[in-house]
Protein chains: 2
Amino acid sequence: MNGAESLVHTLLGAGVDTCFANPGTSEMHFVAALDRIPGMRCVLGLQENVVTGMADGYFRMTGKPAATLLHCGPGLANGLANLHNARRARSGMVNCVGDQATYHRPLDAQLTADTEGFARGVSGWVRTVEKATEVARDAAVAVQAARTSPGQIATLILPSDVCWDEAPDGGAAALPVPAAPQADPLAIRNAADALRGRKNVLILLGGLALTQQAQALAWRIAQATGAHVLAEMSNSRVERGQGRMQLERVPYPVDLAIEALKPYTTIILVNSKAPVGFFAYPNKPSRHHREDADILLLTRYEADPIQALTALADELGAPAAAFLDPGPRPQPGRGTPTPEGLAQTLAALMPDNAVVADESVSFGRGFYKFTHNAPAHDWLHITGGAIGCGIPLATGAAIGAPGRRVINLQADGSGMYTLQGLWTQARERLPVTTVIISNRKYQILIGEYHGVGANPGRTAMDMLDLGNPNLDWVKLANGMGVEAARTNTLEGVADLMQQSFAADGPFLIEMEV
Amino acid sequence: MNGAESLVHTLLGAGVDTCFANPGTSEMHFVAALDRIPGMRCVLGLQENVVTGMADGYFRMTGKPAATLLHCGPGLANGLANLHNARRARSGMVNCVGDQATYHRPLDAQLTADTEGFARGVSGWVRTVEKATEVARDAAVAVQAARTSPGQIATLILPSDVCWDEAPDGGAAALPVPAAPQADPLAIRNAADALRGRKNVLILLGGLALTQQAQALAWRIAQATGAHVLAEMSNSRVERGQGRMQLERVPYPVDLAIEALKPYTTIILVNSKAPVGFFAYPNKPSRHHREDADILLLTRYEADPIQALTALADELGAPAAAFLDPGPRPQPGRGTPTPEGLAQTLAALMPDNAVVADESVSFGRGFYKFTHNAPAHDWLHITGGAIGCGIPLATGAAIGAPGRRVINLQADGSGMYTLQGLWTQARERLPVTTVIISNRKYQILIGEYHGVGANPGRTAMDMLDLGNPNLDWVKLANGMGVEAARTNTLEGVADLMQQSFAADGPFLIEMEV
């Protein structure tokens, strides 16, 4: 057995059975091992940022790390932006990155690069394997790291000679994964005291605390104490729709965020952090809560929020409380596309148990309000702000959640970053409906430019406008084997959505706005 | 004046008048400054690897650094692969990368990342500006670094507050750029002794030594001494065709490289390095020259090869020597596309003074042999082996060399990495003819897989085959505003090339092989 085979055996033995891949020459022995040893589903992405974004979407739906197979140096670099998003989502994955043979590296061949240096900024764990006989051991540690609550990016760098040299001991056994830590009893007591004794308390949910079960506990506490509950602004996965809490998020725009948080003199963090701006702006605060707010940590992001919220609810003697009824599903929107109308159309037509991958950027900031009455669904955000997340995320989510319709609400400018992911949807026949919000500009940036205090002139618009020529998303999708159609009305969107939801495989709707 | 304005004044004052851009929120004050201060041509790319690849192509044609405008962290990360190629091409550019405001960074907002860490592996010079009053000074040093022979990647990281804060002193004056170093007289004497006294000497040209002028000097020396001349395998820019030397390159495949270098017991390096493999392979040497070869350094990559080769030729008393006549232009190829036939078609039809951007990968390894008799042209290689270089490189070359036809010989798998660059060609109406070599597989990797000793099975082919579904490059190009057509014969290629060369603007030919 060679090192590459010991790697595949170790991954499979630890339950890693899906590999998102874009291999290169230095990874051929790994590819050959995947070919020889049955059990790994290999999914090709035509650029590495598609590959890493798929692994993120897969983890968000399964809670289980996938492997990625990436080419040395620049191959990994191409996938960093979605690794950044995955890191912010606290997703787990095991990146298997090839590299120059240990003895070849000092010669500084053209494709030699600082693979480990590229990996560091996005990984919770990085190791370069030094010999074939250590591949299995290091791979087992990588999987353990990736599975450590709530999930980590583990990057295992494999010089090509450690893959082709002999590894007679074969695969290594899976290592135990530590349980998510429990909350500090003192933190529970402090939170209970605040909830009992104070007004204007906010419970801020993030990460693992956005499941239906955690929401139910937070709601029970809120109903018993008069506290309010919000979610962080961008989240890995929120369980939403009927049977879930009508949870709103801290808004993105600074002024709205400050306004939303102004009432709260106490904020209890449940797997979340105290809200800060996505960016700084001149003469605006970076922290969006009141300066005098008391920030209490109930649970850090890696902790088990169910245990902590259960203990807190019990400590408060909070009785069971049903979620508010969001009312019946709306009618689909009509006429010219608006954010509200698109959200209503979605809520009206979305199949049960759908998954929404949301990279709608500026257009979609208000979608939550109009989709509480949709059937139960999961909503995935772009967690790290690195655009180009939506298409790969939707693709990986569809692989991680077979049988569920995935709806990708996708801004056009961001969609262009990783449009190659559509091809993987076609190859794998994935039930993904992509709605391209085609405004033909970087609308968020035009808004930001106005914030600078001026209207963009010709030079600025050359960098902010995506027209001239207009992108034709129908042709782009068709060019990658995905059926598509264009519409400029919500009726058209509704028709195309229904058609897509009834069919197998991917479909793209270019919605002109 | 604010820091961003002082930056624009400094860049313009130092002759940097072209900016390849994909801005984000943290760069809005820079965008606004570019809008207010006339003189900078701003060219948008729809993903950052397009932006950095364009800056590389621009430098290769102009010898002058462009600026890039990149978004913080992941924005820069998206452009790293083509920065790697640019670093290997030794191209100069000034990356202006936004970042979180200095006081916002410690809050670790979602889009906060290790921008400086990402930059290090690809940059010769990196600095994060600390205050607005230092922007101009640091920018002047960045341009100086970028212009230092032969060219360097300089990355200037600009926290957003250094852009919006006041910088009352305005722009800084351009700093002097040191001249390229001259060769060590001892190195010239050693080379002359070897050329006079030994047989089987190879003169290996790289980098700055691939101009017509340097070739003429090397040829003069070779004719006088019986030495042979080769170019390195992948080069920033080679002046080729009629009136230039019939220069061949060290081959890519290990066995062919070893064979080609076997005769030479002395290798004189002129702005080149001793040949090593792109990758290591089991039981094959990493260095491709003879173990007993004597390696003599005439000039390092940053030195002036004209001065050194002139001195060497004079020392040898080598008389002027005309290049061999490559013969008349061939007829265009006929029938099913072959590498030879495509090269002949190109040589037959290429307009005078064209630029070839070559990312043909495995298909194009023999193109040189059949294009010596083409009209004078420049040939640009993928220097760092990071695929996704060709389309951006061609785009930037067209901007750097107005009035010249650019021909991008482009493998399909690599082309998919940065297909977004076609949109910039359409927007800027650039005279770029893209020939997609559409074999619908990662052919180079299938070759490498065979090298591992087996035929790829189903799982491997899932990662090496680009069919199912086939990419439709005509639709992809049309979707970005570029006219396109498909053909599966060389006659078809010839017709489409002629049509494209006679028209303005970009055109894409999907050549099925």
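The values are calculated or read from the model by the stated rules, or taken from the named source; none is laboratory data. From a predicted model like this one, the values you see are computed outputs, not experimental measurements. Cβ placement follows ideal geometry from the backbone for every residue including glycine, while neighbour counts extend to all protein chains displayed. Note: areas computed on protein heavy atoms with side chains; ligands, DNA, RNA excluded. Shrake-Rupley method; radii C 1.70, N 1.55, O 1.52, S 1.80 Å.
Going through A:143, A:122 one at a time, which residue ends up being of a type in the set (A, V, I, L, M) and more than 9 Å from chain B (Cβ to nearest Cβ)?
When all the criteria are applied, what remains is A:143.
I'd like to know if segment B:364-379 contains one or more residues that are within 30 Å of residue A:481 (Cα to Cα) and either at pLDDT 95 or above or open to solvent by 10 Å² or more (accessible area, probe 1.4 Å) (or both). Break it down stepwise before answering.
Of all residues in segment B:364-379, those within 30 Å of residue A:481 (Cα to Cα) come to B:364.
Going one step further and asking which of them are either at pLDDT 95 or above or open to solvent by 10 Å² or more (accessible area, probe 1.4 Å) (or both), we end up with none.
No, segment B:364-379 has no match at all.
Just checking, how many residues over segment B:447-493 are open to solvent by less than 10 Å² (accessible area, probe 1.4 Å) and either part of a helix (DSSP H, G or I) or touching a strand residue (DSSP E or B) at 6+ places or on another chain (Cβ under 6 Å) (or both)?
Going through segment B:447-493 one residue at a time, the tally reaches 12.
Would you call residue A:8 closer than 22 Å to residue B:440 by Cα, within 14 Å of chain B (Cβ to nearest Cβ) and in a helix (DSSP H, G or I)?
So residue A:8 fails the test.
Determine which member of the set B:128, B:115, B:155, B:148 is more than 9 Å from chain A (Cβ to nearest Cβ), free of Cβ contacts under 8 Å to residues at least 60 places away in the same chain and out of contact with any His (no Cβ under 8 Å at 6 or more places or on another chain).
B:128
Determine whether residue B:83 is in contact with a strand residue (DSSP E or B) (Cβ under 8 Å, 6 or more places away or on another chain) and closer than 19 Å to residue A:448 by Cβ.
Here the answer is no, as residue B:83 does not meet what is asked.
Could you count how many residues in segment B:291-301 are open to solvent by 80 Å² or more (accessible area, probe 1.4 Å) and over 28 Å from residue B:92 (Cα atoms)?
Selection size over segment B:291-301: 2.
Give segment A:87-103 a look and list any residue that's facing another protein chain (nearest Cβ under 7 Å) and buried (at least 24 other Cβ atoms within 10 Å of the Cβ), or say none.
Across segment A:87-103, the qualifying residues are A:88, A:100.
So which residues in segment A:93-130 are in a helix (DSSP H, G or I) and in contact with a Ser or Thr (Cβ under 7 Å, 6 or more places away or on another chain)?
Matches in segment A:93-130: A:105, A:107, A:116, A:119.
Among the residues of segment B:406-427, is there at least one that is at pLDDT 95 or above, within 22 Å of residue A:419 (Cβ to Cβ) and of a type in the set (Lys, Arg)?
Yes, that holds for at least one residue.
Can you tell me which residue within segment A:387-411, out of those that are part of a loop (DSSP other than H, G, I, E, B) and not β-branched (Val, Ile, Thr), is most open to solvent (accessible area, probe 1.4 Å)?
Looking at the filtered set, the residue picked out is A:402.
Just the residues that are within 7 Å of another protein chain (Cβ to nearest Cβ) and without any contact (Cβ under 8 Å) to a residue 12 or more places away in the chain, please, taken from segment A:447-462.
Those that are within 7 Å of another protein chain (Cβ to nearest Cβ) and without any contact (Cβ under 8 Å) to a residue 12 or more places away in the chain: A:448, A:452, A:454, A:456, A:457, A:459, A:460, A:462.
Could you grab me the full set of residues in segment A:308-330 that are touching a Ser or Thr at 6+ places or on another chain (Cβ under 9 Å) and either farther than 20 Å from residue A:223 by Cβ or among the β-branched types (Val, Ile, Thr) (or both)?
A:330 - this is the single residue of segment A:308-330 that is touching a Ser or Thr at 6+ places or on another chain (Cβ under 9 Å) and either farther than 20 Å from residue A:223 by Cβ or among the β-branched types (Val, Ile, Thr) (or both).
Checking residue A:317 against (1) over 29 Å from residue A:85 (Cα atoms); (2) within 14 Å of chain B (Cβ to nearest Cβ), only one condition comes out false. Which one?
Unmet for residue A:317, out of (1) over 29 Å from residue A:85 (Cα atoms); (2) within 14 Å of chain B (Cβ to nearest Cβ): (2).
Confirm whether residue B:384 is open to solvent by less than 10 Å² (accessible area, probe 1.4 Å), in contact with a Leu (Cβ under 8 Å, 6 or more places away or on another chain) and within 14 Å of chain A (Cβ to nearest Cβ).
Numbers: open to solvent by less than 10 Å² (accessible area, probe 1.4 Å): yes; in contact with a Leu (Cβ under 8 Å, 6 or more places away or on another chain): yes; within 14 Å of chain A (Cβ to nearest Cβ): yes.
Judged against the criteria, residue B:384 is a match.
Quick one: what pairs do we get from segment A:36-54, first residue within 9 Å of chain B (Cβ to nearest Cβ) and at positive phi, second modelled with pLDDT of 95 or more and open to solvent by 10 Å² or more (accessible area, probe 1.4 Å), C-beta under 9 Å, 6+ apart or different chains?
No pair meets every condition.
Taking segment B:494-513 as the search range and keeping residues that are under 19 Å from residue B:391 (Cα atoms) and among the charged types (D, E, K, R), which one is most open to solvent (accessible area, probe 1.4 Å)?
The selected residue is B:504.
So, in segment A:138-183, exactly how many residues are within 30 Å of residue B:277 (Cα to Cα) and in a helix (DSSP H, G or I)?
Qualifying residue count for the region: 7.
Kindly indicate which of B:275, B:332 is under 30 Å from residue B:491 (Cα atoms) and either in contact (Cβ under 8 Å) with a residue 24 or more places away in the chain or more than 23 Å from the chain's Cα centre (by Cα) (or both).
Among B:275, B:332, only B:332 is under 30 Å from residue B:491 (Cα atoms) and either in contact (Cβ under 8 Å) with a residue 24 or more places away in the chain or more than 23 Å from the chain's Cα centre (by Cα) (or both).
Keeping to segment A:44-86, report how many residues are of a type outside the set (A, V, I, L, M, F, W, C), part of a helix (DSSP H, G or I) and crowded, with 24+ Cβ neighbours inside 10 Å.
Summing the residues that are of a type outside the set (A, V, I, L, M, F, W, C), part of a helix (DSSP H, G or I) and crowded, with 24+ Cβ neighbours inside 10 Å in segment A:44-86 gives 14.
What number of residues within segment B:125-177 satisfy the criterion of being in contact with a Phe, Trp or Tyr (Cβ under 9 Å, 6 or more places away or on another chain) and among the charged types (D, E, K, R)?
1
Out of (1) open to solvent by 10 Å² or more (accessible area, probe 1.4 Å); (2) at the interface with chain B (Cβ under 9 Å from one of its Cβ atoms); (3) of a type outside the set (Lys, Arg); (4) part of a loop (DSSP other than H, G, I, E, B), what's the single condition that is false for residue A:444?
Of the numbered conditions (1) open to solvent by 10 Å² or more (accessible area, probe 1.4 Å); (2) at the interface with chain B (Cβ under 9 Å from one of its Cβ atoms); (3) of a type outside the set (Lys, Arg); (4) part of a loop (DSSP other than H, G, I, E, B), the odd one out for residue A:444 is (4).
Given (1) in a helix (DSSP H, G or I); (2) crowded, with 24+ Cβ neighbours inside 10 Å; (3) within 12 Å of chain B (Cβ to nearest Cβ), where does residue A:436 come up short, assuming only one miss?
For residue A:436, the failing item is (1).
Scan segment A:461-482 residue by residue and report those that are of a type in the set (Asp, Glu) and more than 15 Å from residue B:31 (Cβ to Cβ). If you could, list the steps in order and put the result at the bottom.
Narrowing segment A:461-482 to residues of a type in the set (Asp, Glu): A:462, A:465, A:472.
Hit for segment A:461-482 is A:472, nothing else.
Quick check on my filter: what residues within segment B:496-510 are in contact with a strand residue (DSSP E or B) (Cβ under 8 Å, 6 or more places away or on another chain) and either free of Cβ contacts under 8 Å to residues at least 12 places away in the same chain or part of a loop (DSSP other than H, G, I, E, B) (or both)?
Once the filter is applied, which keeps residues that are in contact with a strand residue (DSSP E or B) (Cβ under 8 Å, 6 or more places away or on another chain) and either free of Cβ contacts under 8 Å to residues at least 12 places away in the same chain or part of a loop (DSSP other than H, G, I, E, B) (or both), segment B:496-510 yields B:499, B:505, B:506.
Of the numbered conditions (1) free of Cβ contacts under 8 Å to residues at least 40 places away in the same chain; (2) facing chain B (nearest Cβ under 8 Å); (3) open to solvent by 20 Å² or more (accessible area, probe 1.4 Å); (4) more than 20 Å from the chain's Cα centre (by Cα), residue A:106 satisfies every one except a single condition; which is it?
(2)
Out of everything in segment A:131-183 that is among the β-branched types (Val, Ile, Thr) and over 22 Å from the mean Cα position of the chain (by Cα), what residue ends up being most open to solvent (accessible area, probe 1.4 Å)?
Ranking the candidates gives A:133 first.
Of all residues in segment B:308-323, how many are without any contact (Cβ under 8 Å) to a residue 40 or more places away in the chain and part of a helix (DSSP H, G or I)?
Matching residues across segment B:308-323 total 1.
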